[in-house]
Each structure stands twice: as structure tokens, then as C-alpha cells.
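A.B. asks: What follows is a structure written as C-alpha cells; I'll ask about it next.
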Amino acid sequence: PIHYLFHTFANYSIWVLCLWAAAVGDHWMGMVISLPILALQYLWQHYHAYDYKPLHRIMLVFVVTGLLIDSLILQLGLVNYSANSFAPLASPPWLSVMWAEFSLTLYAVAKVSWKHPYLFAALTCLGMPLAYMGAQAVGAVTLSYGLFSAAAIGVIWGIMMISLLKATDWRKVT
């Protein structure tokens, strides 16, 4: 239905906008342009009678954890982010919008993730490297050690996804 299409469109729009802005060297433009899309997505979730009460906590946990882990990945030298105001200490600000959007879409469209955290973690092990390789293809990131970096990022995020789903009370969400 339209609900899934809307969230999917918002997801890809924000992903493309943030990566495009980073690829052209702008630290903030992708984030600023994406915020209205994120706000619309949040309002959609709120006003269409979908349960949104745990969403604030889920978004906060995903954004904070996402930025910390992406900063760790930067510190480990696995990746370099283009257009990073906080380099070499922390991940770029545009990743905060991407994490907020990811958590919102995950909650709105893929609640089944909380029922099967280990399966979702396995999919994350595959999906995260693809996302980073896509970001590298457009010039938004550089995987310092190529496929090794991608694989390490997949393992790190696969493990962290289990923790994230459990930290956001995945059994109570569905």
C-alpha cells in the first residue's frame, strides 16, 4: 500500500540527497534538504494512526549508536567520509539524518525485524557493506581497505544490530 511506498521513497530520497551532497563536498546541505522529508515521514507515521509511541526512543538509540559506531569505524581507519566537519574524530553530521530515517523506516515498514533480530543481523552483515560500497561509488565515502573494510563493517553492524534491536525492546514493539 501507499504506506510502504511513502517510507521507501523517503528512505531512498534521504540516502541519495545526503550522499550526493557529501560527494560534492558539502558538509550540511544533504542534511538540511533531508530534514523536511524526515519530518513528513514522522508526521505520516503519527497522523495515519500507526503506533508511534516507542518511535522517539528507537530513533534516539539508533542515531546515537549509529554515530558512535560510524565514528569508531572512522577511528579504526576502515572508512573515510567525504564532507566531514568533524574528521578525524567523529562521523559526519549528515549521517545523523540517515540514521534517524533508517530507524523510522525500519519501525514503520519492517517491524518484523524485532521478531527475528538474528535474521535481521545476518541481512545487515550483507546490506551494510553494499550500502558503503554504493556510497563509495558516488564518492561520499572511501573504504580504506576495499572489500576487507566492507566485510569488517558488515560484521560490526551485524553484531550491533542485534544490540540495537534488543535495546529498543524489540519484543514489545511488535
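The values are calculated or read from the model by the stated rules, or taken from the named source; none is laboratory data. Values in this document were obtained by computation on a predicted structure and should not be read as measured data. Note: ideal-geometry Cβ built from the backbone for every residue, glycine included; neighbour counts use all protein chains shown. To get the accessible areas, we keep the full protein, side chains included, count just its heavy atoms, and leave off ligands, DNA and RNA. Shrake-Rupley method; radii C 1.70, N 1.55, O 1.52, S 1.80 Å.
A.B. asks: Report, by residue number, each residue of the range 1-16 that is open to solvent by less than 50 Å² (accessible area, probe 1.4 Å) and under 14 Å from PHE102 (Cβ atoms).
C.D. replies: HIS7, ALA10, ASN11, SER13, ILE14
A.B. asks: Now a separate question. What's the total number of residues in the range 17-42 that are farther than 15 Å from ALA140 by Cβ and buried (at least 17 other Cβ atoms within 10 Å of the Cβ)?
C.D. replies: Counting residues in the range 17-42 that are farther than 15 Å from ALA140 by Cβ and buried (at least 17 other Cβ atoms within 10 Å of the Cβ) gives 4.
A.B. asks: Identify all residues within the range 83-115 that are part of a loop (DSSP other than H, G, I, E, B), under 18 Å from MET128 (Cβ atoms) and open to solvent by 20 Å² or more (accessible area, probe 1.4 Å); write none if there are none.
C.D. replies: Hit for the range 83-115 is ALA110, nothing else.
A.B. asks: Let me ask something additional. Please verify whether GLY127 is surrounded by 19 or more Cβ atoms within 10 Å (Cβ to Cβ), assigned to a helix (DSSP H, G or I) and free of Cβ contacts under 8 Å to residues at least 60 places away in the same chain, treating the condition exactly as stated.
C.D. replies: no
A.B. asks: For the range 149-168, check the following and say yes or no: at least one residue is modelled with pLDDT under 95, part of a helix (DSSP H, G or I), of a type in the set (Gly, Ala, Ser) and open to solvent by 10 Å² or more (accessible area, probe 1.4 Å).
C.D. replies: Yes - at least one qualifying residue is present in the range 149-168.
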